[in-house]
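Bear in mind that the values in this text are calculations on the coordinates, not laboratory data. This structure is a prediction, so every number in the text was calculated from the model and none was measured. Cβ sites come from the backbone with ideal geometry, for glycine too, and all protein chains shown count toward neighbours.
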Amino acid sequence: MTDSHKSTPDAPSDSPWEDSTQQPYIQIRNLSKRFDDFTAVDDISLDIYGGELFTILGGSGCGKSTLLRMLAGFETPSQGQILIDGIDITNLPAYDRPVNMMFQSYAVFPHMTVEKNVAYGLKKEKLPAAEIKERVTKILELVQLTPLAGRKPDQLSGGQQQRVALARALIKQPKVLLLDEPLAALDKKLREQTQFELINLQDQLGITFVVVTHDQEEAMTLASRIAVMDAGKFVQIGTPSEVYEFPRNHFVADFFGNINIFEGAVKASTEGLISVELKNTGTLIEARCDQALSTGTEVKIGVRPEKLLISREEPSGEGLTVTRGIVEDLAYYGNRSIYRVRSQSGRVIQVSTQNYQRSAHLLLEWDDEVFLSWDSSCSVVLTE
Amino acid sequence: MNPNINPGKRDRLWRGVVIYLPYAWLLLFFLAPFVIVFKISFADPLLAQPPYSPLLDWTADIGSRFLATLDNYGFLLEDKLYWVSYLRSIKIAFIATVLCLLLGFPMAYAIARTPYPWRNFLLLLVILPFWTSFLLRVYAWMIMLTKQGLINSLLMKIGLINDPLQMLYTNGAVYLGIVYTYVPFMILPLYATLEKLDLDLHDAAADLGAKPWQVFCDVTIPLARPGIIAGCLLVFIPAIGEYVIPALLGGLDSLMIGRTLYDEFFVNRDWPLASAVAIVLLFILILPIMLFQQQQQEPES
């Protein structure tokens, strides 16, 4: 989905973070926030480029909301700097920042109509009434709320309230829009729709979005880049496919979907390829690895369920790791099936397959003997 | 219970009991005395037991059986004394309500923002005075406000004044007494609304460019309006008819309608006139209550 991001004047290239000539739009430098004896954000540095849809992902209490609140100006950093477009905003109060936020609770003013909610930010700028009216009309059209302009928030659905919150935050034409769990309170259908609407809107307006979420799926589908956060620090920053396919450590690998983890030690290492002997079983697994690892180093090998092939016949081919097992459990989802296979060594491996054949019967049944195989390029080497 | 009554009927029965019991209470203890007072206000005073004339004379002819008179209300209009005490009561109650609001709002706001368990402790402090007699507390103020009292001797000791100030038996003492007594009735409803206030709304307003005082005017006050109105009514209504505080702390120029009412009943023993005074007071109070009702319904329409 990230491919759909068109270039904006702010972002001439699709991946400005790889272009050393690009100037970052938001610069976070050594930012920390301590509450009494608890460090919520711990010495974080981050560059976000113009027109990015940047997502900060982490579990509850990881510090992501505190980071967002510091960007908005609701929390004062204990240490460090925040720059937007080269200007230090660290000590600017929230009402003077070129940043607007869409709250998780939406925080729509309950005593004002939709129109008044949306106009509020412009009224504080003391713009002429005619201009306010024009811009309100325009933005209400953009979020399709025109017919509801006179309603009070308690007469709106959750999705409509969210669009009020979005329109209210966008009307001031901020340089940066902060979104706190933008999809969390919506049902599944509405989530998908809203997600695409947000991406389109971001494309149209070219505003830099910073999204905070605990939902990895939300992060993956929205983001140009994701920063995975844990205990106040960034664990990994990268594009959705980078963090999914090339997780830096066990935490990231586990956070994004399912992964089968095998523990072992390096047995042999050649150019870009290592061979790992698994604990207990002694099975050899081959994996691509850029790092030079000395023999005996303890590593974990991760393999995503959809990278595994499941078959009745023994597959053959170069660079394949093959193991045998018995189908212990299976779940049929229509478009795909998930198998839990107990391998010869006794451990359970999860496999996810596309049901590319049309059949009223299950192709594999409980207790079927199967072969599992995967390409060595699909093995993720995790050293931490 | 009759086993033939189906559960739906039984539920309805209980619902009826729950709904109509308070109405029965109001009927018995509010409406009945009101009707009696209302009736007396149309009678003539008599030196008898009871000290007023009956409204219906069963012995007279059919045409002249009804003996109601508007003399009492007419007298209220004629005699300046009543006008003056009504207006003074309204003025004192109004100013005291404003003072309570100015004092109570920051207190309620601070309590609502205090983390537990300190919040409960502060709330306890607010209602703590109720644990001792109201009369006793007013007497305590009298002792503190006299010329030889605590406040005067303290002010003289630190050299701020040379001669003791006349504080007791002044309007200032009446305001002090009313504000001191009624400020909890302002704080509690204000606290109840301010506590529910979503802090995200403050952040949202600030985020949209509102300075702290604008956030206060645009968000805090409008959303606290039900609490402000409830608190003001809870202070204004009892304050307007207050008898004890002006009688004990006030001077001759702080005569309020409560004292006038008392004098008519117990000194002059003119029950019909006293009843008329009470009825007029009631109508003065109904006005702000009706305004309040209207305000409450507005946001829903």
Averaged over its residues, how many other protein chain Cβ atoms are within 10 Å of peptide A:219-232's Cβ atoms? 0
Taking the Cβ of A:V143 as the center, what net charge do the other residues with Cβ under 11 Å away carry, scoring Lys and Arg +1 and Asp and Glu -1? +1
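Please identify the DSSP H helices in chain B that span no less than 20 Å along the helix axis (Cα) and have a mean Kyte-Doolittle hydropathy of -0.5 or more.
TM-like helix candidates: B:7-26, B:80-113, B:171-196, B:221-240, B:271-297.
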To the nearest 20 debye, what charge dipole does the protein assembly as shown have about its Cα centre, counting +1 at the Cβ of each Lys and Arg and -1 at the Cβ of each Asp and Glu? 2360
Simple SL model, points at 7 angstrom along Cα→Cβ for B:D263 and A:D85; separation in nm is 7.3
Of all DSSP beta bridges located in the protein assembly as shown, what percent are antiparallel, nearest 5? 80
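In a shell of Cβ-Cβ distance under 9 Å around A:V370, excluding A:V370 itself, what net charge do Lys and Arg (+1) and Asp and Glu (-1) give?
Details: positive: A:R312, A:R324; negative: A:D368, A:E369.
Neighbourhood net charge equals 0.
For the ranges B:126-139, B:68-81, what's the packing order if you count other beta-carbon atoms within 10 Å of each residue, average per peptide, and put the highest first?
B:68-81, B:126-139
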How much of the DSSP bridge set in the range A:2-249 is antiparallel, in percent, rounded to the nearest 5? 55
Can you spot the lysines whose alpha carbon is less than 27 Å from B:K80's alpha carbon? Ignore those fewer than 8 places along the same chain. B:K39, B:K91
What does the charge count around A:D187 come to, taking other residues whose C-beta lies under 14 Å from its C-beta (Lys +1, Arg +1, Asp -1, Glu -1)? 0
Residues of type lysines that A:K124 reaches as a straight line, Cα spacing below 27 Å, ignoring anything fewer than 8 places off in the same chain: A:K116, A:K133, A:K138, A:K152, A:K172, A:K175, B:K196, B:K211
Which order, highest average first, do A:178-191, B:272-285 follow once you tally other Cβ atoms within 10 Å for each residue and take the mean per peptide? B:272-285, A:178-191
Under 21 Å from A:K300, Cα to Cα: lysines that are on another chain or at least 8 residues apart: A:K267, A:K279
Rank A:G80, A:G158, A:G346 by mean-square fluctuation in a GNM of chain A with C-alpha springs under 10 angstrom and give only the top-ranked residue. A:G346
Please average, across the residues of A:95-101, the number of beta carbons from any other chain that are within 10 Å of each residue's own beta carbon, and give a whole number. 4
Partner chain Cβ atoms within 10 Å, averaged over the residues of A:250-262 - can you pull that number for me? 0
As a test of the formula, what do you get for the protein assembly as shown when each DSSP H run with n ≥ 4 contributes -39,500 (n - 2.57) and the sum is divided by the residue count, at 222 nm and rounded to the nearest 500 deg cm²/dmol? -13000 deg cm²/dmol
